[in-house]
Structures are given as structure tokens and as C-alpha cells.
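Enquirer: Just dropping this structure here.
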Ligand SMILES: [Zn+2]
């Protein structure tokens, strides 16, 4: 039973990774990418939260990790920009300021 759940998590994780590549790395529908990105990020981090709870770390650690996920989710959404000119995604580490120009075509974001 416990192992089954771990497999379910791995399958969800692979699905999310493939989904991310399909949705955000390909295509040039920037509007759709911008709309889906926060939903995708929140969903992904909810899955991570679920996995943390499933791993049952010590309660203080579990609580700290879950609380930490909230600002990380917000900052991840903020630090990811989609370029109007080329449709590519520009990511900066979540603890830095969001990028001001596209990392692919150098146009301002
Ligand atoms: Zn660009």
C-alpha cells in the first residue's frame, strides 16, 4: 500500500514534467502560458506538499517545509516570465529579482 502510493507520486511527477515541457517549452501561445503557469505551479507544489506529508518527517520539519512551500510557490510564479516576442520562457532563481529581458531573444519582458 505504502509502495503503491510512492509509485503514484512518481507517475504524477513524470506527468507534470512532461506536461510542463508540452505546455511551457513548446508553442508560442504566450497568453495561454501566462494563464496556466500559476495554476501549474500551485498544483505542482501541492503535490510536493502531499509527498512531504506522505514521507512523514518529524512534525516540526514537516511543518517548516510546508510553510516554506508557500513563498517558494509565489516567488516561482513571479520569477518566471514569458516573452511576447519569441514565446520562450525566461526563468530566474526564485530568490533573485525577476528577469527584465528575454534570455532567448534579449527583448524586454
Ligand atoms: Zn524572447
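The values are calculated or read from the model by the stated rules, or taken from the named source; none is laboratory data. Being a predicted model, the structure only gives us computed values, none of them experimental. FYI the Cβ positions are ideal-geometry reconstructions off the backbone, even for glycines, and counts take in every protein chain you see.
Enquirer: Take the conditions more than 14 Å from the chain's Cα centre (by Cα) and loosely packed, with under 13 Cβ neighbours inside 10 Å and apply them to residue 46. Does it pass?
Expert: Working: more than 14 Å from the chain's Cα centre (by Cα): no; loosely packed, with under 13 Cβ neighbours inside 10 Å: yes.
Against the criterion (more than 14 Å from the chain's Cα centre (by Cα) and loosely packed, with under 13 Cβ neighbours inside 10 Å), residue 46 does not qualify.
Enquirer: Out of the residues in segment 51-71 meeting the condition of being surrounded by 15 or more Cβ atoms within 10 Å (Cβ to Cβ) and modelled with pLDDT under 95, tell me which one is nearest to residue 2 (Cα to Cα).
Expert: Step by step, filter segment 51-71, then rank; the result is 51.
Enquirer: Let me ask something additional. Consider residue 67 carefully, then state whether it is more than 16 Å from the ligand (Cβ to nearest atom), in a helix (DSSP H, G or I) and over 23 Å from residue 39 (Cα atoms).
Expert: It is false that residue 67 is more than 16 Å from the ligand (Cβ to nearest atom), in a helix (DSSP H, G or I) and over 23 Å from residue 39 (Cα atoms).
Enquirer: Every residue in segment 98-108 that is in a loop (DSSP other than H, G, I, E, B) and more than 8 Å from the ligand (Cβ to nearest atom), please.
Expert: If we filter segment 98-108 for residues that are in a loop (DSSP other than H, G, I, E, B), which is where we start, we get 98-100, 102-107.
Within segment 98-108, 98, 99, 100 qualify.
Enquirer: Against the condition away from the ligand (no atom under 16 Å from the Cβ), farther than 22 Å from residue 10 by Cα, free of Cβ contacts under 8 Å to residues at least 60 places away in the same chain and surrounded by 13 or more Cβ atoms within 10 Å (Cβ to Cβ), how does residue 78 come out, does it pass?
Expert: Values: away from the ligand (no atom under 16 Å from the Cβ): yes; farther than 22 Å from residue 10 by Cα: yes; free of Cβ contacts under 8 Å to residues at least 60 places away in the same chain: yes; surrounded by 13 or more Cβ atoms within 10 Å (Cβ to Cβ): yes.
Yes, satisfied.
Enquirer: Look at residue 34 and say whether it is over 30 Å from residue 2 (Cβ atoms), within 16 Å of the ligand (Cβ to nearest atom) and part of a helix (DSSP H, G or I). Break it down stepwise before answering.
Expert: Numbers: over 30 Å from residue 2 (Cβ atoms): yes; within 16 Å of the ligand (Cβ to nearest atom): yes; part of a helix (DSSP H, G or I): yes.
Yes, satisfied.
Enquirer: Moving on. Give me a count of the residues in segment 12-31 that are outside any helix (DSSP H, G or I) and surrounded by 11 or more Cβ atoms within 10 Å (Cβ to Cβ). Working first, answer last.
Expert: Step one: filter segment 12-31 for residues outside any helix (DSSP H, G or I), giving 26-29.
Restricting the remaining residues to those that are surrounded by 11 or more Cβ atoms within 10 Å (Cβ to Cβ) gives 27-29.
Residues that pass the stated criteria total 3.
Enquirer: Which of the numbered conditions does residue 95 fail, given that it passes all the others? Conditions: (1) outside any helix (DSSP H, G or I); (2) within 16 Å of the ligand (Cβ to nearest atom); (3) on the phi < 0 side of the Ramachandran plot.
Expert: Tallying (1) outside any helix (DSSP H, G or I); (2) within 16 Å of the ligand (Cβ to nearest atom); (3) on the phi < 0 side of the Ramachandran plot, residue 95 fails exactly one: (2).
Enquirer: I would also like to ask the following. Taking the conditions exactly as written (under 16 Å from the mean Cα position of the chain (by Cα) and modelled with pLDDT of 95 or more), does residue 39 satisfy them or not?
Expert: yes
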